[in-house]
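First the structure, in the form of structure tokens, and then the observations on it.
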């Protein structure tokens, strides 16, 4: 899936979690909503297998992830741990790294791997999009 499609799907999933949290009274402001939504489990990792493969390659080559924000680093290390576990669990594996990561990134993720500020930004955009579609 292309990065633009992934960003769109991530925004839609965040909005869906936002609506559910709003109905359940889990937050009382958009600030609280951003933090709440970002920490919720996500349907997938919202990263392409190719991009994940490049990140895993950097980790294997012992490159620094210093240019990554904290959310991206958490996701990178989670994918690295999951990748190593997959390889360990499948010793006769003949799949490429990218194919293995394709399997891994399509699984549910423990969080959205986005900051509260980033989540708020996407939520604002989705809220405005929904309002425009409804003619508000």
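Where a number appears in this text, it was derived from the coordinates with a stated rule and is not lab data. Quantities reported herein were computed from a predicted structural model and do not represent experimental measurements. Glycine also receives a Cβ, built like all others from the backbone with ideal geometry; neighbour counts cover every protein chain displayed.
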So for 127, 66, fewest C-beta neighbours within 10 Å to most, what's the order? 66, 127
If one computes the Cα centroid of segment 59-136 and of segment 23-37, what distance in Å separates the two points? 22 Å
On a 0 to 90° scale, report how tilted helix 30-39 is relative to the longest principal axis of the chain, with both axes built from alpha carbons and the result rounded to the nearest 10. 30 degrees
Choose one answer from 41, 70, 91: the residue with the largest mean-square fluctuation in a GNM of the chain with alpha-carbon springs under 10 Å. 91
So, with points 7 Å from each Cα along the Cβ direction, the residue 73-residue 90 label distance in nm works out to 3.0 nm
If I fit a long axis through the Cα atoms of helix 3-23 and take the longest principal axis of the Cα atoms of the chain, what angle between them do I get, 0 to 90°, rounded to 10? 50 degrees
Which angle between 0 and 90 degrees, to the nearest 10, do you get for helix 70-89 versus the longest principal axis of the chain when only C-alpha atoms count? 40 degrees
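How would 17, 100 line up from fewest to most surrounding beta-carbon atoms within 10 angstrom? Before the final figure, lay out each step's value.
Details: 17 23, 100 20.
Ordered by Cβ neighbours within 10 Å, fewest first: 100, 17.
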Assertion target for 134, 50, ordered by fewest C-beta neighbours within 10 angstrom first, is 134, 50
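Helix-derived [θ] at 222 nm for the chain: sum -39500 (n - 2.57) over DSSP H runs of at least 4, divide by residue count, nearest 500?
Values: 6 runs with 91 residues, N = 136.
Roughly -22000 deg cm²/dmol at 222 nm, from the helical runs in the chain.
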